[in-house]
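*Asks:* Could you have a look at this structure, given as structure tokens, before my questions?
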Amino acid sequence: MRVLIIRLSSIGDVILTTPVLKELKKKYPDIIIDFLVLENFKDAISGCPYIDNLILFNKKKHDGLKKMIAFGNELKKNNYDYVFDLHSKVRSKVISNAIGSKVYTYKKRSFIKSILVKTKMIKYKVDDTIIKNYFGAFKVLGLEYKGEDLTFSFNRKDSEKLEAMGIDYSNVPMIAPGASKETKKWTKEGFAELSKLLYNKYGKSPIIIGSKSEYEMCEEIKRLSGDIAINMAGKLTLKESGALLSRAKFLVTNDSGPFHIARGVKCPTFAIFGPTSPEMFEYDEKNILIYLNEPCSPCSLHGDKVCPQKHFNCMKKLSAQKVMEIIEKSGR
């Protein structure tokens, strides 16, 4: 049996497919799993032991209706028994239709519900976790949800690169202050103050990770911390960040990709949520939610540029002391 699984983006959503891949391989050891992802996000899933063939969608080569149809026609030659569309947007639908195999997708929120949330007429309430929704697409193969055991793969060379840089990253607290939208970010002042508390508690400078575009923000956090924090934003690949997190003491992060990378390498995480729903994921003693549960929260599907209520209480009211209390209470 050969199947194609489509999840084009983004980092976290791609990593969230790995529990499904793992269960597929466990139930059907001889299955051939092809995985289609945007080339920009290949590092989120490359090297995954549950994938046989990683197929990359290159926007320059494959975007546009005619090119997407041609791309799908090329994939049709693989004679897939099943196609599972875990993206379920225009690109993935066009490609799936061109392949021609029976397509199974997952339950997404209704269009009406999305409109009501975006127009602030109702609060956002998830129907189920993202991973449970993904599993729903695989009922045809009798797949059962077994939990949120994520996988993020890196290799020895990624660890060697860190060692060559002279980074002392073993058992060091780490922070990831970035996010895709502004309202998903805890305050820079909060992360800076937390950096001081972490240094005083553990005697090691916390390491900040993030993308190149987040470098200046992370540099300001470093400055506000009195240069206690170490800014590695933009200096590491996604795989190197995973290697770093695999040996970290823990990660304090927003609702963003690093949260799922950390879970994928079994790094303890403290996840800060504000405008988005924390019910999208499950938590345990190793993955701990930090959430003030303000009356107006959650207010957004994916976060916004500015707080719809103009006060940003869900993040501004969260103090570094409160976060530190939660970390200490966990026994970390």
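The values are calculated or read from the model by the stated rules, or taken from the named source; none is laboratory data. Keep in mind the model is a prediction, meaning the values are calculated, not measured. A quick note on method: Cβ atoms are made from the backbone with ideal geometry, for glycine too, and the neighbour counts reach across all protein chains shown. Ligands, DNA and RNA are stripped out before the accessible areas are found, and what is left, the full protein with its side chains, is counted by its heavy atoms. Shrake-Rupley method; radii C 1.70, N 1.55, O 1.52, S 1.80 Å.
*Asks:* Can you say whether PHE270 is aromatic (Phe, Trp, Tyr), under 20 Å from ILE130 (Cβ atoms) and in a strand (DSSP E or B), as far as the supplied structure shows?
*Replies:* yes
*Asks:* If you don't mind, another one. In segment 196-205, what residues are open to solvent by less than 40 Å² (accessible area, probe 1.4 Å) and free of Cβ contacts under 8 Å to residues at least 40 places away in the same chain?
*Replies:* SER205
*Asks:* On the basis of being at pLDDT below 95 and β-branched (Val, Ile, Thr), does ILE167 make the cut?
*Replies:* yes
*Asks:* Take the residues of segment 83-96 that are out of contact with any helix residue (DSSP H, G or I) (no Cβ under 7 Å at 6 or more places or on another chain) and open to solvent by 50 Å² or more (accessible area, probe 1.4 Å): which is nearest to VAL14 (Cα to Cα)?
*Replies:* Top of the filtered list is LYS89.
*Asks:* Turning to a different aspect of this structure: Which residue is farthest from GLU219 (Cα to Cα), if the candidates are limited to segment 241-259 and must be part of a helix (DSSP H, G or I) and open to solvent by 10 Å² or more (accessible area, probe 1.4 Å)?
*Replies:* My answer is SER246.
*Asks:* Hey, among the residues in segment 281-332 that are of a type in the set (A, V, I, L, M, F, W, C) and either assigned to a strand (DSSP E or B) or farther than 20 Å from PHE259 by Cβ (or both), which one's least open to solvent (accessible area, probe 1.4 Å)?
*Replies:* ILE290
*Asks:* Can you tell me which of (1) among the charged types (D, E, K, R); (2) within 21 Å of LEU238 (Cα to Cα); (3) surrounded by fewer than 17 Cβ atoms within 10 Å (Cβ to Cβ); (4) touching an Asp or Glu at 6+ places or on another chain (Cβ under 8 Å) is the one LYS184 doesn't meet?
*Replies:* Unmet condition: (3).
This table checks each residue for (1) assigned to a helix (DSSP H, G or I); (2) out of contact with any Gly (no Cβ under 6 Å at 6 or more places or on another chain); (3) free of Cβ contacts under 8 Å to residues at least 40 places away in the same chain.
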| residue | (1), (2), (3) |
| --- | --- |
| GLU148 | no, yes, no |
| LYS157 | yes, yes, yes |
| GLU163 | yes, yes, yes |
| TYR169 | no, yes, no |
| GLY178 | no, no, no |
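Conditions (1) modelled with pLDDT of 70 or more; (2) under 21 Å from PRO278 (Cβ atoms); (3) open to solvent by 40 Å² or more (accessible area, probe 1.4 Å), marked per residue:
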residue: ARG109; (1), (2), (3): no, yes, yes
residue: MET121; (1), (2), (3): no, no, yes
residue: ILE131; (1), (2), (3): yes, yes, no
residue: PHE138; (1), (2), (3): yes, no, no
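*Asks:* Does segment 23-40 hold any residues that are without any contact (Cβ under 8 Å) to a residue 60 or more places away in the chain and assigned to a helix (DSSP H, G or I), and which are they?
*Replies:* Passing the criteria: LYS25, LYS26, GLU39, ASN40.
*Asks:* Using beta carbons and a limit of 8 Å, which pairs, at least six apart or on different chains, have the first residue in segment 41-60 and exposed (fewer than 15 other Cβ atoms within 10 Å of the Cβ) and the second one β-branched (Val, Ile, Thr)?
*Replies:* Matching pairs, first to second residue: PRO49/THR151; ASP52/ILE32; ASP52/ILE33; ASN53/ILE32; ASN53/ILE33.
*Asks:* Return yes when VAL20 is β-branched (Val, Ile, Thr), buried (at least 21 other Cβ atoms within 10 Å of the Cβ), in contact (Cβ under 8 Å) with a residue 40 or more places away in the chain and touching a Lys or Arg at 6+ places or on another chain (Cβ under 8 Å) and no when it is not.
*Replies:* No, not satisfied.
*Asks:* Mind telling me which of the residues GLU189, GLU193, GLU219 ends up being more than 27 Å from GLU325 (Cβ to Cβ) and either part of a helix (DSSP H, G or I) or open to solvent by less than 40 Å² (accessible area, probe 1.4 Å) (or both)?
*Replies:* Of the residues listed, the single one that is more than 27 Å from GLU325 (Cβ to Cβ) and either part of a helix (DSSP H, G or I) or open to solvent by less than 40 Å² (accessible area, probe 1.4 Å) (or both) is GLU219.
*Asks:* Within segment 231-239, does at least one residue satisfy the condition of being open to solvent by less than 40 Å² (accessible area, probe 1.4 Å), assigned to a loop (DSSP other than H, G, I, E, B) and either out of contact with any strand residue (DSSP E or B) (no Cβ under 7 Å at 6 or more places or on another chain) or free of Cβ contacts under 8 Å to residues at least 12 places away in the same chain (or both)? Walk me through it before giving the result.
*Replies:* Of the residues in segment 231-239, the ones open to solvent by less than 40 Å² (accessible area, probe 1.4 Å) are 231-234, 236, 239.
Remaining after also requiring assigned to a loop (DSSP other than H, G, I, E, B): 232-234, 236.
Checking the rest, the ones that are also either out of contact with any strand residue (DSSP E or B) (no Cβ under 7 Å at 6 or more places or on another chain) or free of Cβ contacts under 8 Å to residues at least 12 places away in the same chain (or both) come to 234, 236.
Scanning segment 231-239 turns up at least one residue that is open to solvent by less than 40 Å² (accessible area, probe 1.4 Å), assigned to a loop (DSSP other than H, G, I, E, B) and either out of contact with any strand residue (DSSP E or B) (no Cβ under 7 Å at 6 or more places or on another chain) or free of Cβ contacts under 8 Å to residues at least 12 places away in the same chain (or both).
*Asks:* Those residues that are outside any strand (DSSP E or B) and polar (S, T, N, Q), I need them from segment 43-85; list them, please.
*Replies:* SER46, ASN58, ASN73, ASN78, ASN79
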